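For reference, the structure is listed below as structure tokens.
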Number of protein chains: 2
Amino acid sequence: MFSKATEYALRATIYIAQKSSVVKKLSLSEIAKAIDSPPSFTAKILQLLTKDNCVIHSVRGPNGGFYITESNKQLPLKKVLEAINENELFDKCILGLKKCSETKPCPLHFQYKPIKQELIHLFQTNTIQELSEKADNESLFINNAI
Amino acid sequence: MFSKATEYALRATIYIAQKSSVVKKLSLSEIAKAIDSPPSFTAKILQLLTKDNCVIHSVRGPNGGFYITESNKQLPLKKVLEAINENELFDKCILGLKKCSETKPCPLHFQYKPIKQELIHLFQTNTIQELSEKADNESLFINNAI
DNA sequence: ATAATTAAAGACAAAAATACCTTTAATTAG
DNA sequence: CTAATTAAAGGTATTTTTGTCTTTAATTAT
């Protein structure tokens, strides 16, 4: 469904929302370990999420790291997909037809349409904070590597 | 959502169901042209679909080509995904977690579950024939390259 | 000011997906 | 039987994705 990059971005964002604050930043190595992702590749992805301060923030130097503000926790998960440029999923034809549209639909178009809407709704209505709370309850990432 | 390979497989299967019969086989070049796919890559994909006669059939030599039997037209689209080994989509965690399950769910698990079910249902209930008829009505692939 | 720590940036490497090409095998038509 | 046609098979090439490594810049602590 999603690329590795997107999966890591979503997991990292949720983890950062769980564990960080302006006064408690998380290092790359901690994040990568927790979400079971390759550190250097994860660094690239986190950079995308910090660009224009769109989702998370970062600070260099000792005691630096990544964190997310309370206000950014109110952003929908979709924002993460946008930052990673994986947003096309939501307007692509399921058969990959460039010309597929309401007036020239592919044979799956009208059946896939409501499913796509639900997917969009899922990522639009769930905020980063809500998901981090759910992850809290499930103590999700702690043993992820196992 | 799907890989190029899967998109081509689905489009080719639908096109073959539209246009072929045991007495009217379609050549690789015709299929690739119609569904707007690279011929050589499409050849590989069609080979997967003919393995064990699982979805389509092929005959070599003059007037040879690809076709699908009436009985195979009754197969669900899901069969195509299985032939291409893209079936994992339907049991993968949306966050890519290996350990995600009913008892150890990721924060999106229970919200994604019904959507996944609908996706499975879509590919399970639609037969190749039904989709080829829909494609007929929309004269879908004829001008796909445009 | 200096040294230590951390992310940013950019180059590089490996793996996977996609695409192409050549040879072989099967089939048919003549 | 021979030549022509078509898919099968296998190798190669390109592109994209994923992953690594090194250098640079920022920040902090001493």
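The values are calculated or read from the model by the stated rules, or taken from the named source; none is laboratory data. Quick caveat, the model's predicted, so the values are computed rather than measured. Reconstructed Cβ throughout: ideal geometry from the backbone, glycine too, with neighbour counts over all protein chains shown.
What are the pairs, 6+ residues apart or on separate chains, where a residue within region A:118-146 that is at pLDDT 95 or above has its Cβ under 6 Å from a residue that is surrounded by fewer than 15 Cβ atoms within 10 Å (Cβ to Cβ)? Filtered contacts from region A:118-146: A:127/A:74. Of all the numbered requirements in (1) crowded, with 16+ Cβ neighbours inside 10 Å; (2) small (Gly, Ala, Ser); (3) touching a strand residue (DSSP E or B) at 6+ places or on another chain (Cβ under 8 Å), residue B:27 misses one, and that requirement is (1). Of all residues in region A:53-69, those satisfying the criterion of being touching a helix residue (DSSP H, G or I) at 6+ places or on another chain (Cβ under 8 Å) and touching a residue at least 40 places away in the same chain (Cβ under 8 Å) are A:55, A:56, A:65, A:66, A:67, A:68.
Out of A:20, A:37, I need the residue that is more than 12 Å from DNA strand C (Cβ to nearest atom), among the hydroxyl-bearing types (Ser, Thr, Tyr) and buried (at least 17 other Cβ atoms within 10 Å of the Cβ). Which one? Exactly one of A:20, A:37 is more than 12 Å from DNA strand C (Cβ to nearest atom), among the hydroxyl-bearing types (Ser, Thr, Tyr) and buried (at least 17 other Cβ atoms within 10 Å of the Cβ), namely A:37. Of all residues in region B:86-110, those satisfying the criterion of being buried (at least 20 other Cβ atoms within 10 Å of the Cβ) and of a type outside the set (A, V, I, L, M) are B:96, B:100, B:105, B:106, B:107, B:109.
Here residue A:69 fulfils each of the conditions (1) in a helix (DSSP H, G or I); (2) away from DNA strand C (no atom under 13 Å from the Cβ); (3) more than 13 Å from chain B (Cβ to nearest Cβ) apart from (1).
When residue B:2 is tested against (1) in a helix (DSSP H, G or I); (2) out of contact with any His (no Cβ under 7 Å at 6 or more places or on another chain); (3) surrounded by 13 or more Cβ atoms within 10 Å (Cβ to Cβ), exactly one condition is not met: (1).
For region B:72-88, filtering for residues that are within 16 Å of DNA strand D (Cβ to nearest atom) and assigned to a loop (DSSP other than H, G, I, E, B) leaves 3.
Here is the figure for region A:105-122: residues that are under 17 Å from residue A:75 (Cα atoms) and facing chain B (nearest Cβ under 9 Å) total 2.
Close contacts from region A:92-104, counting a first residue that is more than 9 Å from chain B (Cβ to nearest Cβ) and a second that is outside any loop (DSSP other than H, G, I, E, B) and not acidic (Asp, Glu), with Cβ to Cβ under 9 Å and a gap of 6+ residues or different chains, come to A:101/A:109; A:102/A:109; A:102/A:110; A:102/A:113. Could you check region B:33-61 and list, in sequence order, the residues that are within 8 Å of DNA strand D (Cβ to nearest atom) and part of a helix (DSSP H, G or I)? Matches in region B:33-61: B:40, B:43, B:44, B:46, B:47, B:50, B:51. Please determine whether any residue of region B:9-22 is away from every other protein chain (no Cβ under 14 Å), hydroxyl-bearing (Ser, Thr, Tyr), more than 13 Å from DNA strand D (Cβ to nearest atom) and at negative phi. Within region B:9-22, one or more residues are away from every other protein chain (no Cβ under 14 Å), hydroxyl-bearing (Ser, Thr, Tyr), more than 13 Å from DNA strand D (Cβ to nearest atom) and at negative phi.
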